[in-house]
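Written below as structure tokens is the structure these notes are about.
The values are calculated or read from the model by the stated rules, or taken from the named source; none is laboratory data. These numbers come from a predicted model, not from an experiment. When we count neighbours, we look across all protein chains shown, and the Cβ atoms used for this are built from the backbone with ideal geometry, even at glycine. Accessible surface is based on the protein model in full, side chains and every heavy atom, while ligands, DNA and RNA are left aside. Shrake-Rupley method; radii C 1.70, N 1.55, O 1.52, S 1.80 Å.
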Amino acid sequence: MLQGIAASAGIGLGRVMLLEEQSLTYPTAPPADIQAELGRFQAAVGVFRQNTQAQAELLRHSAGHKEAQILSAHVQMVEDPYFTGEVEKHIQEGKRAEAALDQVCQWFTAMFLASGDDLTQQRAADVRDVRTGLLCVLLGLEEVEVSQAPKGTVLVAKEISPSVAAGINPKNIVGIVTEIGGMTSHSAILARALQVPAVLGLPGATGLLKASSFVIVDGSTGEVVPEPQADVVQDYRKRRQAFLRRRWQLNRLRGKPTQAASGERFHLYCNISKPQDAEKALEEDGEGVGLFRTEYLFMDRDRLPGEEEQFRAYRKAAQALEGRTLTIRTLDLGGDKAVPYLDLPREDNPFLGTRGIRYCLEHPDIFSTQLRAVLRASAYGKLRLLFPMICTLEELWAGRAFLEKAKVELTAQGLAFDARIPVGIMVETPSAAAIADLLARDADFFSIGTNDLTGYIMACDRGNPQVSGLFSSLQPAVLRCIRQVIQCAQGHGIQVGMCGEAAANPMIIPLLMAFGLTEFSVAAASVLSVRKAISQWTMEGARQVAEEVMSMPTEEDIVRFLRAHGPAAAGGRDKAARIRLPQV
Ligand code: PEP
Ligand code: MG
């Protein structure tokens with residue numbers, strides 16, 4: 001079994017078609033006739049433009065408008081007079097068209113990579129694709145054609161360019177395996193849009209998988225099984241059937257509003273930890289972002305991200321969401337989220353120590369830098385600000401005071417921001433829950449963090465298997481607390497959502513609906529299943545269930561009752577929250 005990156009969910013069983021890399025070498029001797037060489041380049045640009053426009057059209061039908069834009073961007077690049085002008089300048093200086101193109105592409109790639117901005121860096125991949133496409137035309141090479149691949153083909157390549165992907169017929173191509181590429185690469189985006197299972201970033205795949213051999217691709221786990229035994233094939237066929245059945249049911253909810261069977265509407269947002277996840281949230285039909293865990297911008301590096309870097313990251317997420325809600329949570333360090341270069345003091349009980357807002361209030365520079373960056377990004381979308389680990393009113397006031405100070409500074413500098421950016425708090429500590437009525441007066445919204453709230457109420461570490469039996473948001477103590485928080489929010493007319501893992505648990509969903517929760521924020525992969533769970537309840541049905549459940553004395557009774565009575569009878573306790581979240 002081989003392991004790569006699970007980039008597009010689903011299981012494909014088929015025969016390998018190896019896509020050989022084209023040799024793009026060319027003679028280096030200068031051209032004899034400069035005018036003729038210029039004409040050759042311009043003709044190649046014309047052919048490339050025409051082919052790519054046609055491929056974009058194909059992709060628009062097979063994958064969608066957004067995906068087709070990847071190729072439209074290539075057309076725009078060759079239509080840019082600066083780009084073609086630079087190549088022509090080099091040709092006029094005596095270079096062959098291929099060499100001139102190479103030089104300019106190298107220069108553009110280096111410039112984009114040096115930008116330090118994710119979005120601009122991704123343009124380097126576009127330059128690489130344009131270079132390959134134009135060189136193929138200049139050298140008279142046919143671009144790899146996959147549209148004629150027979151039924152049951154698994155494409156195996158070093159990398160799949162968008163122009164090759166445009167030829168993919170998902171009826172025939174049952175899987176994709178590449179050596180290069182990750183979750184957010186163009187190949188991954190296209191594979192997901194075409195709903196073809198894909199495992200990317202599998203080093204040596206083109207050598208390890210033999211042409212025409214039988215292979216299984218599991219795009220949900222990232223596993224690739226070369227030449228499997230009959231019983232393994234049998235097993236994967238069953239899994240594939242189950243996956244397709246479920247996907248078919250969920251796909252019917254794509255693009256539909258999130259509403260109860262009786263018509264009441266809810267917001268269904270996603271939790272993200274990187275700006276590029278915002279696109280994934282939309283791909284999975286999320287309606288916005290209910291929680292951006294910004295601490296991940298501070299991890300896996302050796303120094304703090306500055307205001308400019310943070311501003312670009314938040315702006316990128318805001319722009320990707322095109323006016324939909326983006327909830328940015330300020331730095332939530334401490335607990336199990338460590339940042340080695342910050343030298344956090346060693347604490348005996350880090351979950352009860354300098355966590356979340358406590359750390360920020362003790363480090364005004366770090367906090368103010370982040371607030372300024374968020375405020376500046378608020379000029380580019382519909383942003384909300386969220387403070388983590390609030391326990392007291394004073395902490396909320398202090399957080400707000402820092403925000404006001406940042407606003408004054410930005411105004412003095414003439415920088416734009418949304419002066420009315422809503423400020424909410426995570427309700428994830430028992431103290432915040434107990435004074436929710438007081439906090440609701442000064443917060444614009446609540447987001448209930450059941451991962452921590454459950455742990456703190458039940459006095460059990462969410463990552464400790466010894467006490468995992470106690471870690472359940474269906475414990476009467478936790479349910480009472482959640483209901484109370486929602487009632488306080490309603491009483492003060494503020495929005496109340498949930499961004500802990502419990503929000504994606506079909507068992508608890510009718511209870512949350514009945515309590516009056518208006519927003520669910522979940523992992524992108526859970527969007528459709530949560531929409532489905534919500535759609536299966538009328539508010540009246542949900543209220544009846546909640547009434548029964550809230551009179552039950554133990555979690556065991558509650559779980560048994562919900563298993564027996566819910567239309568979404570499957571599922572269990574919110575297991576994901578019991579383990580520590582991955583450090584991305
Ligand atoms: C929570 O505690 O429920 C939450 C969403 O925050 P995190 O998991 O990042 O601690
Ligand atoms: Mg938390």
Can you work out ³J(HN,Hα) from phi for every residue in region 100-105, in order, using Karplus 6.51 cos²θ - 1.76 cosθ + 1.60 and θ = phi - 60°, giving whole Hz and x for Gly and Pro? 4, 4, 4, 4, 5, 5
Please work out how much length the chain gains when fully extended from E264 to Q92, using 0.36 nm per residue of separation minus the C-alpha to C-alpha distance, in nm with one decimal. 55.2 nm
Going toward the positive end of the dipole of region 266-539, with +1 on Lys and Arg Cβ and -1 on Asp and Glu Cβ, which of L453, V530, I390 do you reach last? V530
Roughly how many debye, to the nearest 20, is the charge dipole of region 153-250 about its Cα centre, given +1 on each Lys and Arg Cβ, -1 on each Asp and Glu Cβ, and no other charges? 480 debye
Output the 0 to 90 degree angle, nearest 10, between the alpha-carbon long axis of helix 118-138 and the longest principal axis computed from the alpha carbons of the chain. 20 degrees
Quote the charge dipole size of region 57-153 about the Cα centre in Debye, to the nearest 20; the model charges only the Cβ of Lys and Arg (+1) and of Asp and Glu (-1). 140 debye
Theoretical FRET efficiency, 1/(1+(r/R0)^6), r = Cβ-Cβ of A398 and H61, R0 60 Å, to 0.05: 0.65
Cα→Cβ-extended label distance, 7 Å offset, between L24 and A412, nm: 5.2 nm
Rounded to the nearest 0.05, what FRET efficiency do D348 and R247 give with R0 = 35 Å and r taken as the Cβ-Cβ distance? Could you check? 0.15
Calculate the spin-label point distance for A338 paired with A43, positioning each point 7 Å from the Cα along the beta-carbon direction, and give it in nanometres. 6.5 nm
I want the local charge near G381. Using Cβ-Cβ distances under 11 Å, sum +1 for each Lys or Arg and -1 for each Asp or Glu among the other residues. +3
In debye to the nearest 20, the charge dipole size for the chain, taken about the Cα centre with +1 at each Lys and Arg Cβ and -1 at each Asp and Glu Cβ, equals 1500 debye
Along the Cα→Cβ direction, 7 angstrom out, place labels at D442 and W107. What is the inter-label distance in nm? 5.8 nm
Measure nothing but the geometry: give the 0 to 90° angle between the long axis through the Cα atoms of 539-549 and the longest principal axis through the Cα atoms of the chain, rounded to 10°. 50 degrees
Pairing the Cα long axis of helix 476-491 with the longest principal axis of the chain, what angle in degrees results, from 0 to 90 and rounded to the nearest 10? 80 degrees
Around G201, under 12 Å between beta carbons, what's the net of Lys plus Arg minus Asp minus Glu among the other residues? -1
Nearest-0.05 FRET efficiency for E540 and A459 at R0 = 56 Å, using Cβ-Cβ distance, is 0.95
Give the ranking of H492, H90 by solvent-accessible surface, highest area first, calculated with a 1.4 Å probe. H492, H90
Using the heavy atoms of the protein chains and a 1.4 angstrom probe, tell me the accessible area per residue for the chain in square angstrom. 43 Å²
Under the Kirkwood approximation for Rh and a Cα-based Rg, what ratio Rg/Rh is obtained for the chain? 1.02
Phi-derived 3J(HN,Hα) across region 405-418 with the Karplus relation (6.51, -1.76, 1.60, θ = phi - 60°), rounded Hz, x for Gly and Pro, is 5, 4, 5, 4, 4, 5, 4, 4, 8, x, 9, 7, 6, 8
Selection from F266, L2, L282, by position along the positive dipole direction of the chain (Cβ): F266
Which loop trypsin sites (Lys or Arg not before Pro) in region 114-202, with loop taken from DSSP, have no more than 12 other Cβ atoms within 10 angstrom of their Cβ? K151, K171
Using modelled amide H (1.01 Å from N, peptide plane; none on Pro or chain starts), what sits under 5 Å from the amide H of C270, excluding residues fewer than 5 places away? E287, G288, V289, G290, L291, V522
Around R462, which amide H atoms from residues at least 5 apart in sequence, or from another chain, sit under 5 Å from its own amide H, with H modelled in the peptide plane? none
The set of residues whose placed amide H lies less than 5 Å from the amide H of S473, leaving out same-chain residues fewer than 5 positions away, is D574
For the chain, build the charge dipole from Cβ charges (+1 Lys, Arg; -1 Asp, Glu) around the Cα centre, then report which of F417, Y26, G85 sits farthest towards its positive end. F417
In whole Hz, what ³J(HN,Hα) sequence does region 195-212 give by Karplus (6.51, -1.76, 1.60; θ = phi - 60°), x for Gly and Pro? 6, 9, x, 9, 10, 10, x, 9, x, x, 4, 5, x, 7, 9, 7, 4, 6
Could you work out [θ]222 nm for the chain from helices alone, using -39500 (n - 2.57) per DSSP H run of at least four and dividing by all its residues? Round to the nearest 500 deg cm²/dmol. -14500 deg cm²/dmol
Within 10 Å of each candidate Cβ there may be at most 16 other Cβ atoms; applying that plus a DSSP loop requirement, which trypsin sites (Lys or Arg not before Pro) in region 399-481 survive? R420
